[in-house]
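Asker: What follows is a structure written as structure tokens; I'll ask about it next.
The values are calculated or read from the model by the stated rules, or taken from the named source; none is laboratory data. If you're wondering where the values come from, they're calculated on a predicted model, not measured in any experiment. We place every Cβ from the backbone using ideal geometry, glycine too, and count neighbours over all the protein chains shown.
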Amino acid sequence: METRFGAKSDVGLKRGHNEDSFCAAPDLGLYLVCDGMGGRNAGEVASRLAVEVIQQHVRDAGLNATLPMVGPSDAGFSPQTNRLASALRLANQVVHGAARSRSDQAGMGTTVVSALISGQTLSVAHIGDSRLYLIRGGGIQPLTEDHSLVAEQVRRGLLTEEEAERSPQKNIVTRALGIEETVEVALDELPLEVNDVLLLCSDGLTRGVKPDEILHAVRNGATPQAAAERLVALANAAGGEDNTTVVLIALCEGGLRGLWRRVWG
């Protein structure tokens, strides 16, 4: 399958600088969105470091199949998915070490959502509340579950979705890369189909833009890049409270000419 992507990162309307980072590397089949956190500019450092380390680890593994894995492998997943988990664990070590080495970076961390496409298999690894959506046919579905306080309360039946959206605790993540020496990486793996579209995004998008609005914007974008820019514009129109980053990937059989029209049949 051929891929075509669009990507956009924006500071929003209320923040002084952008702490999001992303990667779109079709040569590796790797796509990432990281949303940094920490004092001063440390969140920006954490997200950038995570992207650099994950991308380099995946690239190195492509050149050297015997490259040691970081952490245990899960026999329930493919080597590609285990390699992606290894990359996130290595990034956790690097960010955590950097945070401990400088007082102005103490406590920095980042969310990460990652997609690795190998043939028709999608590997997913994530930490935190940045999300991955699958748009297939006429629907949109999340492929990740937020590691956040309110999401956990919703899963336990303590809050409704509507209450979670209004909660003053909605920004509290329960898991982030770089905060502790080790971190649990959530993994998933699924087969892809021709005309699937993947959306990786930071919570700057999902705070103010509903899934049906996301679906409408993507379906009506002339190209993946135009759709990505439209999504960021919608996030800002909803208040632009946070940085917003989106990476949109469309999959199609054959050449790229007219791909976006073929995606929508």
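Asker: Looking only at the stretch 148-188, how many residues end up being buried (at least 20 other Cβ atoms within 10 Å of the Cβ), part of a strand (DSSP E or B) and touching a residue at least 60 places away in the same chain (Cβ under 8 Å)?
Answerer: Counting residues in the stretch 148-188 that are buried (at least 20 other Cβ atoms within 10 Å of the Cβ), part of a strand (DSSP E or B) and touching a residue at least 60 places away in the same chain (Cβ under 8 Å) gives 2.
Asker: A follow-up question, please. For residue 136, state whether it is crowded, with 19+ Cβ neighbours inside 10 Å and touching a residue at least 24 places away in the same chain (Cβ under 8 Å).
Answerer: no
Asker: For the condition in contact (Cβ under 8 Å) with a residue 24 or more places away in the chain, assigned to a loop (DSSP other than H, G, I, E, B) and closer than 20 Å to residue 110 by Cβ, what is the one hit in 16, 43, 12?
Answerer: After applying the criteria, what remains is 12.
Asker: Considering only residues that are of a type in the set (A, V, I, L, M) and over 18 Å from residue 211 (Cβ atoms), which ones fall in the stretch 135-180?
Answerer: 149, 158, 159, 172, 173, 176, 177, 179
Asker: A follow-up question, please. Just checking, does the stretch 59-67 include any residue being within 30 Å of residue 171 (Cα to Cα) and of a type in the set (Lys, Arg)?
Answerer: No, the stretch 59-67 contains no residue that is within 30 Å of residue 171 (Cα to Cα) and of a type in the set (Lys, Arg).
Asker: Of all residues in the stretch 144-160, which are among the β-branched types (Val, Ile, Thr) and out of contact with any strand residue (DSSP E or B) (no Cβ under 6 Å at 6 or more places or on another chain)?
Answerer: 150, 154, 160
Asker: So the check is Cβ under 6 Å with 6+ separation or different chains; which pairs have a first residue in the stretch 90-117 that's under 17 Å from residue 35 (Cα atoms) and in a loop (DSSP other than H, G, I, E, B) and a second one that's among the aliphatic types (A, V, I, L, M) and at pLDDT below 95?
Answerer: 106/99; 108/42; 108/99
Asker: Let me ask something additional. Can you name every residue in the stretch 1-18 that is among the charged types (D, E, K, R) and touching a strand residue (DSSP E or B) at 6+ places or on another chain (Cβ under 9 Å)?
Answerer: If the condition is that a residue be among the charged types (D, E, K, R) and touching a strand residue (DSSP E or B) at 6+ places or on another chain (Cβ under 9 Å), then 2, 4, 8, 10 are the ones that fit.
Asker: Next question, about the same structure. Could you go through the stretch 62-79 and let me know if any residue there is within 24 Å of residue 132 (Cα to Cα), among the aliphatic types (A, V, I, L, M) and in contact with a strand residue (DSSP E or B) (Cβ under 8 Å, 6 or more places away or on another chain).
Answerer: No, the stretch 62-79 contains no residue that is within 24 Å of residue 132 (Cα to Cα), among the aliphatic types (A, V, I, L, M) and in contact with a strand residue (DSSP E or B) (Cβ under 8 Å, 6 or more places away or on another chain).
Asker: Quick one: residue 16 ticks every box in (1) on the phi > 0 side of the Ramachandran plot; (2) at pLDDT below 95 except a single one, so which number is it?
Answerer: It is condition (1) that residue 16 fails.
Asker: Just name the residue that is farthest from residue 131 (Cα to Cα) out of those in the stretch 189-203 that are in a strand (DSSP E or B) and over 16 Å from the mean Cα position of the chain (by Cα).
Answerer: 191
Asker: Pick from the stretch 8-59 the residues that are crowded, with 24+ Cβ neighbours inside 10 Å and under 17 Å from residue 206 (Cα atoms): which of them is farthest from the chain's Cα centre (by Cα)?
Answerer: 19
Asker: Scanning the stretch 205-221 for residues that are assigned to a loop (DSSP other than H, G, I, E, B) and in contact with a Gly (Cβ under 9 Å, 6 or more places away or on another chain), which turns out surrounded by the most Cβ atoms within 10 Å (Cβ to Cβ)?
Answerer: For the stretch 205-221, the residue satisfying everything is 221.
Asker: Quick check on this structure: which one of 45, 51 is out of contact with any Cys (no Cβ under 9 Å at 6 or more places or on another chain) and β-branched (Val, Ile, Thr)?
Answerer: Just one listed residue meets the conditions, 45.
Asker: Being of a type in the set (Gly, Ala, Ser) and either at pLDDT below 95 or more than 18 Å from the chain's Cα centre (by Cα) (or both): is that true of residue 250 here?
Answerer: So residue 250 fails the test.
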